[in-house]
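Heads up: the structure comes next, in structure tokens.
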């Protein structure tokens, strides 16, 4: 006998039991609809990446994603990688790879360029625990593994330099050359309040457009991560690792960089031992040389990669001047300069 209530459907009255056929149908249909609209893990990851991807390309490099140790990693790459040596650019403290693009873009046709946002930085995902310098070096290694790349030249700015030193310490067979631009993180940057003051002074010496690039990265990175990363940097033996490198190493410093000791002090320290280090000063440059002086830096990198003497960039007259202040006894001897080039300054 069917139960009915006048003016109301039979299946919505309170006394109906839960095993009514129509109730079972509604439950089945609801679950089927949920299953149809529920994204898979791959679809969810793809949606999350699209939300974090730049609205407009920041350079002529291709913008891509991959997964390294279960973390989404955003990176940029030569759009049509040439059959040339790989050159990976590693960013500094609290930043993403975006500010490295002006220099990396100029080298994209001569080298296979890679510019990742390391895990926890920029648009890449955050690992379950914050990474210190050795762990970031491991992440850089795993990124190259993911790309199927066995060896590379590494270019770093600021924090990227100790990461390169650690990479070379652990995997000397996988690094061809090291290019360290404004290698910060030593005693000159301690304690934290001193480093903050140095960063503030550097901000007034960088191009104003640098703030539009750096500010979103710093906000995304956050204050707690900044404090943890600073402690990790100051505990890392950057100078010892640098002088122990057994590959040709280029160090580029700006003479207006408040985060670095003066050129005379750097020359003195570099001369204490036999090493593979070539030190070049860039007049008029501050800390973020990869962003502020990309033409001059790309010119110096080309000369270094070809073992040619460091001469000023003829295509950037009047902007700045780059000159060599130290060539380690173990560094390759310079070859003859290109036709028409001036001798090293």
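When you scan region 201-237, how many residues do you find that are farther than 19 Å from residue 130 by Cβ and touching a residue at least 60 places away in the same chain (Cβ under 8 Å)?
Quick first cut of region 201-237, residues farther than 19 Å from residue 130 by Cβ only: 201-216, 237.
Within this subset, residues satisfying the condition of being touching a residue at least 60 places away in the same chain (Cβ under 8 Å) are 202, 205-207, 210, 213-214.
Matching residues across region 201-237 total 7.
If I filter region 176-188 for residues that are in a helix (DSSP H, G or I) and more than 19 Å from the chain's Cα centre (by Cα), do I get at least one hit?
Of all residues in region 176-188, those in a helix (DSSP H, G or I) come to 187-188.
From what's left, more than 19 Å from the chain's Cα centre (by Cα): 187-188.
Yes.
On the basis of being out of contact with any strand residue (DSSP E or B) (no Cβ under 8 Å at 6 or more places or on another chain), farther than 17 Å from residue 93 by Cα and assigned by TED's automatic domain parsing to the domain that holds residue 301, does residue 273 make the cut?
Values: out of contact with any strand residue (DSSP E or B) (no Cβ under 8 Å at 6 or more places or on another chain): yes; farther than 17 Å from residue 93 by Cα: yes; assigned by TED's automatic domain parsing to the domain that holds residue 301: yes.
When the stated conditions are applied, residue 273 passes them.
Considering only residues that are touching a strand residue (DSSP E or B) at 6+ places or on another chain (Cβ under 8 Å) and farther than 15 Å from residue 99 by Cα, which ones fall in region 173-212? Give the steps one after another, and end with the answer.
Going through region 173-212, the residues touching a strand residue (DSSP E or B) at 6+ places or on another chain (Cβ under 8 Å) turn out to be 174-183.
Answer for region 173-212, where residues must be touching a strand residue (DSSP E or B) at 6+ places or on another chain (Cβ under 8 Å) and farther than 15 Å from residue 99 by Cα: 174, 175, 176, 177, 178, 179, 180, 183.
Can you name the residue in region 162-186 that is surrounded by fewer than 24 Cβ atoms within 10 Å (Cβ to Cβ) and free of Cβ contacts under 8 Å to residues at least 40 places away in the same chain and, of all such residues, is farthest from residue 259 (Cα to Cα)?
The qualifying residue farthest from residue 259 (Cα to Cα) is 173.
What is the residue count in region 124-148 for residues that are in contact with a strand residue (DSSP E or B) (Cβ under 7 Å, 6 or more places away or on another chain) and within 28 Å of residue 296 (Cα to Cα)?
The total comes to 2.
Quick one: which strands (runs of 3 or more DSSP E) lie wholly within region 235-345 and hold at least 1 residues that are surrounded by fewer than 19 Cβ atoms within 10 Å (Cβ to Cβ) and modelled with pLDDT under 95?
Values: elements: 249-254, 277-282, 322-327.
Strands (runs of 3 or more DSSP E) meeting the threshold: 322-327.
Any residue in region 199-206 that is within 14 Å of the chain's Cα centre (by Cα) and either surrounded by 17 or more Cβ atoms within 10 Å (Cβ to Cβ) or on the phi < 0 side of the Ramachandran plot (or both)? Spell out how you get there, then give the answer.
Taking region 199-206 and keeping what is within 14 Å of the chain's Cα centre (by Cα), we get none.
Within region 199-206 (the criterion being within 14 Å of the chain's Cα centre (by Cα) and either surrounded by 17 or more Cβ atoms within 10 Å (Cβ to Cβ) or on the phi < 0 side of the Ramachandran plot (or both)), the answer is no, since none of the residues qualifies.
The values are calculated or read from the model by the stated rules, or taken from the named source; none is laboratory data. Just so we're clear, the structure is a prediction, and the values are computed from it rather than from any experiment. Heads up, the Cβs are rebuilt from the backbone with ideal geometry, glycines too, and the neighbour counts pull from every protein chain shown.
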